[in-house]
Amino acid sequence: MNRKIAVGTVVFHAGEELLRRLEMASAEEFDVYVFDNSPGTENVRELARRIPQIHYFTCGKNLGLAIGISTISANAYHAGHKALLFFDQDTGFNNETLSYVEQKYAENVIAYKNYSAIAFKSEGDASVRDVSLLINSGSLYFLEKLNSLAWLDCTYFVDGVDYKLCLDSLNQGYRVGACGATPGFDHTTEQADDRYYIAGRTYSMRAYSRLRIKDTLSSSRKLIFSALKTYRFSFAANIFKLLAIYCATQFFVRLINTLGIFKRD
């Protein structure tokens, strides 16, 4: 079967659920591209040895998300693929997810020609709408566009990788979009968030490590300065707003954890 898209992920100490999804995608005859940031954990490498459709890459240590995505995207591109559907390792998907995205791509090749990426989500309707920001997981990358952008900005480690792609796309004249109603897409179940019951509602929050917060602060500052340098003032304001919300959330979740004032799962 000649599949229209490839599938890719970047892993760090992959679990069994991810291995199952990689096997499923390869069984559906998708080429799967994997960059391993934890090669000391051999499960993904062993899986790739058994399954030819799984293309395995590593640089021997954790080099972050931007280098990982750039590596698998470039290799998929030079293997002749036009588009790669990327998932974080903790994002759930099934064969219906892959078929849905592939069908959307096949039916809308012309309509998608000015996009560098389209984020597929479970919520919302099935029509594509332009967005200013998207996240990596669930995004269909159009590899010719990423090639023209020199792939992703590898000065970013984890946080800001996706937003910098959006800014670079904007500056290059490309669009980024979102498409909903994606079946089997689960971006919450395997997340490490705690759930808090506040005023009758449930909120998912996580206290990130100091190292992760430092990365977020650094990447956000770089994004704001890059946007201002290219006169993308609304983009800079949007990143500043998201950073303020992030900092407030991290302060709040630490406060309520310390005080123990809300019920938590």
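The values are calculated or read from the model by the stated rules, or taken from the named source; none is laboratory data. Computed from a predicted model, the values in this text were never measured in an experiment. Please note: Cβ atoms are built from the backbone with ideal geometry, for glycine as well, and neighbour counts cover all protein chains shown. The area values use the complete protein model at the heavy-atom level, side chains included, leaving out ligands, DNA and RNA. Shrake-Rupley method; radii C 1.70, N 1.55, O 1.52, S 1.80 Å.
About the Cα centre, and with charges only on the beta carbon of Lys, Arg (+1) and Asp, Glu (-1), how big is the dipole of region 98-210? Nearest 20 debye, please. Intermediate values should be presented prior to the final figure.
Details: 11 positive and 14 negative charges, 42 e Å.
Result for region 98-210 is approximately 200 debye, rounded to the nearest 20.
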Inset, instruction - Hey, could you get me the Stokes-Einstein D for region 194-259, Kirkwood radius over alpha-carbon pairs, 4 °C and 1.567 mPa s, rounded to whole µm² s⁻¹? - result: 97 µm²/s
Inset, instruction - Work from the charge dipole of region 194-259 (Cβ charges, +1 for Lys and Arg, -1 for Asp and Glu, about the Cα centre) and give the residue of 252, 198, 227 farthest towards its positive end. - result: 227
Legend entry - Listed residues 82, 222 arranged by accessible area, highest first, probe 1.4 Å: 82, 222
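How many percent of the accessible area of region 194-259 is carbon or sulfur, using a 1.4 Å probe?
Numbers: 2830 of 4500 Å².
C and S fraction of accessible area: 63 percent.
Could you order 141, 56 by accessible surface area, starting with the largest, using a probe radius of 1.4 Å? Don't jump to the answer; show the numbers that get you there.
Details: 141 0, 56 50 Å².
Ranked list, largest accessible area first: 56, 141.
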Inset, instruction - Excluding residues on the same chain fewer than 8 positions from residue 222, give the aspartates and glutamates whose Cα lies under 19 Å from its Cα. - result: 153, 159, 162, 168
Inset, instruction - Just tell me, in residue order, which DSSP H segments of the chain are both 24 angstrom or longer along the helix axis (alpha-carbon based) and at least 0.0 in mean Kyte-Doolittle hydropathy. - result: 233-259
Inset, instruction - Could you list the square roots of 5 times each eigenvalue of the Cα gyration tensor of region 5-179, that is, the equivalent ellipsoid semi-axes, sorted largest first and rounded to whole Å? - result: 24, 19, 14
Inset, instruction - When a/c is below 1.5 the answer is rounded, else prolate if a/b is larger than b/c, else oblate, so apply that to region 106-265 with a ≥ b ≥ c taken from the square roots of the Cα gyration tensor eigenvalues. - result: oblate
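Please compare each pair in 164/214; 82/164; 145/214; 214/241; 4/61; 113/214 to a cut-off of 28 Å on the Cα-Cα distance and tell me which ones are over it. Don't skip to the end; give the middle numbers.
Numbers: 164/214 17 Å; 82/164 21 Å; 145/214 30 Å; 214/241 17 Å; 4/61 32 Å; 113/214 37 Å.
Going by Cα-Cα distance, 145/214; 4/61; 113/214 fall outside the 28 Å limit.
Using a/c under 1.5 as the rounded threshold, could you call region 1-82 rounded, prolate or oblate? The axes a ≥ b ≥ c are square roots of the C-alpha gyration tensor eigenvalues, and prolate needs a/b larger than b/c, oblate otherwise.
Details: a/c = 2.06, a/b = 1.21, b/c = 1.71.
Here region 1-82 falls in the oblate category.
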Inset, instruction - Return the aspartates and glutamates within reach of residue 121: Cα separation strictly under 12 angstrom, same-chain partners fewer than 8 residues apart disregarded; answer none if there are no such residues. - result: 186
Legend entry - Simple Cβ-charge dipole of the chain, Lys/Arg +1 and Asp/Glu -1, about Cα centre, in debye nearest 20: 1020 debye
